[in-house]
Amino acid sequence: MSLAEATSRQGRSGINPHNPPEAPLTDFDGHILLAYAAYDQARTGIRKDTAVEWALRLLAGQAILDENGQAAFIVVAAVLWAADRLDDAQRLAEDLTRAGEESGSVLLACGAAWLQANVLYRRGALADAEAYFSSAVDTAVARGFITVSNWAGSEYATMLADRGDGPAGLGVLRRLGLDRPLPDTVHLYSAQLAAGVVRVACGQVREGIEQIRAVGRRWEAIGARNPDLAPWRPHLAQALLLAGHREEARALADEHTALARGWGAHRPLARALRVQGLATGGPDGTALLRESVALARDSPGRLELALSLVELGAAERRANHRAAAREPLEEGLALAHQCGARALQDRALAELLAAGARPRRPPASGRDTLTPSELRIAGLAGAGQTNRQIAQRLFITQKTVETHLAHAFRKLYIDSRAQIPAALAR
């Protein structure tokens, strides 16, 4: 059932966005329709409380944890993470993982890895997110789950670009055939946005602007204005700033901030205010950056906080307020290191040097040297799973698990599974 089909059937099932259903959900179709109705409320970026209420109602049951559930678990998760309910989205991912293991469903297990990756990405745990994105994409490609590979690959590429690794993001898109012109279908809008974002990160700013602007028009045409689910405006505004088009960038940033305030989730709003502050500039822009920092502190997004702190410090440094610049830059540097945001870490170091400080680059830990696959397998082993259980969960051979663990042990300077949790926490 598509979103359009689900929406057309809401009336027949008594699901009214202005009159939330109170009766128990007794049939499978009712659960699916409610999931898509919740997403439809979130998609417009207006009715957050209603969307979350319906999503949590579905989370309380198990009906959406079904391979035949028309991807209802995906739209429920999207509602939750867009509303900053990351703990609830995490619980859904864990429930889906168990359902996949119990039923032997590769699709559910793959979907669970994808949901987990999105939650970790929004928290700012980029290395962990990369491990789950990589696993989800590899499984989806191997099993022919085209929709999952397109969605997960798009978000994976965007995350890599946000981390400062545009070429790696472009590599993901090329592997999946998403770096070429794509048809006008809503399921590929995220891929079109990712292609534009990655092109900007690779220095192809003009081409990236054109792609982001095109997908923005398509999202607008279907009424998708949620600041987290259709985030083309801040990406386009930042690209326009790189190209020197400040007035257009500011108009987009102002519009996005208004949408984010209407939605009411702190993490998307912190991002909106940061881009608005950069587009505005001067003392007014610095004030917006301070507001962005304050909201990011009250959100689950550590990367958003790191980004806002570094931009605030850079703005203070440009205003020749060197002493005021150092504290946010030092905090931003530490957070960037914790998040695994290497490009942001380099930027914070450069700004601190320009502000007259003498910062030291945080040392790379053993954890930072692990590949995504090594990190995920080591995490599962540290949680008590056997090699056989890990192989079954990730749909790989036990020999592959053994090889990755051997590499992880060497990089972490440990010789037993009991040492893994402490080594990964260092």
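The values are calculated or read from the model by the stated rules, or taken from the named source; none is laboratory data. Everything numeric in this text was worked out from a predicted model, so none of it was measured. Using ideal geometry, Cβ is built from the backbone for each residue, glycine included, and neighbour counts are taken over all protein chains shown. Note: accessible area is taken over every heavy atom of the protein model, side chains too, but ligands, DNA and RNA are not part of it. Shrake-Rupley method; radii C 1.70, N 1.55, O 1.52, S 1.80 Å.
Considering only protein heavy atoms, what per residue accessible area in square angstrom results for the chain with a 1.4 angstrom probe?
43
How large is the charge dipole for the chain, taken about the Cα centre, if only the Cβ atoms of Lys, Arg (+1) and Asp, Glu (-1) carry charge, to the nearest 20 debye?
Using Cβ point charges on Lys, Arg, Asp and Glu, the chain gives about 1100 debye.
If you average the sequence gap of Cα pairs under 8 Å that are 6 or more apart and divide by the length of the chain, what percent do you get for the contact order?
Relative contact order for the chain comes out at 11 percent.
Report Rg/Rh for region 253-391, rounded to two decimals, where Rg is the Cα radius of gyration and Rh the Kirkwood radius.
That ratio is 1.10, to two decimals.
Would you mind giving the average projected area, over all directions, of the Cα convex hull of region 279-327 in nm² with one decimal?
Reported value for the Cα convex hull: 3.1 nm².
Please name which of L120, A315, L173 has its Cα lying farthest along the dipole of the chain towards the positive end, using unit charges on Cβ (Lys, Arg +1; Asp, Glu -1) and the Cα centre as origin.
Selected residue: A315.
Contour minus end-to-end for R213 and R175, with contour as 0.36 nm per residue of separation and end-to-end as the Cα-Cα distance?
Extra length from R213 to R175 when fully extended: 11.3 nm.
Can you show me the helix-derived [θ] at 222 nm for the chain, built from DSSP H runs with n ≥ 4 at -39,500 (n - 2.57) apiece and divided by the number of residues, rounded to the nearest 500.
-23000 deg cm²/dmol
What are the ³J(HN,Hα) couplings of region 132-138, residue after residue, when phi is run through the Karplus curve with 6.51, -1.76, 1.60 and θ = phi - 60°? Round to Hz, x for glycine and proline.
Going residue by residue, I get 6, 4, 4, 4, 5, 5, 4 Hz, with x marking Gly and Pro.
Could you check how much of the accessible area of the chain is carbon and sulfur, as a whole percent, using a 1.4 Å probe?
Its accessible area is 50 percent carbon and sulfur atoms.
Calculate the FRET efficiency for A258 and R388 from the Cβ-Cβ distance with a Förster distance of 51 Å, rounded to the nearest 0.05.
FRET efficiency, A258 to R388: 0.45.
For the pair A354 and A418, what calculated FRET efficiency results from E = 1/(1 + (r/R0)^6), where r is the Cβ-Cβ distance and R0 = 60 Å, to the nearest 0.05?
E(calc), rounded to 0.05, equals 0.85.
Per 0.36 nm of contour for each residue apart, how much would the distance between R322 and T369 grow if the chain were fully extended, relative to their Cα-Cα spacing?
Length gained between R322 and T369: 13.5 nm.
R143 versus Q62, label points 7 Å from Cα toward the beta carbon: distance in nm?
Here the modelled spin labels are 1.9 nm apart.
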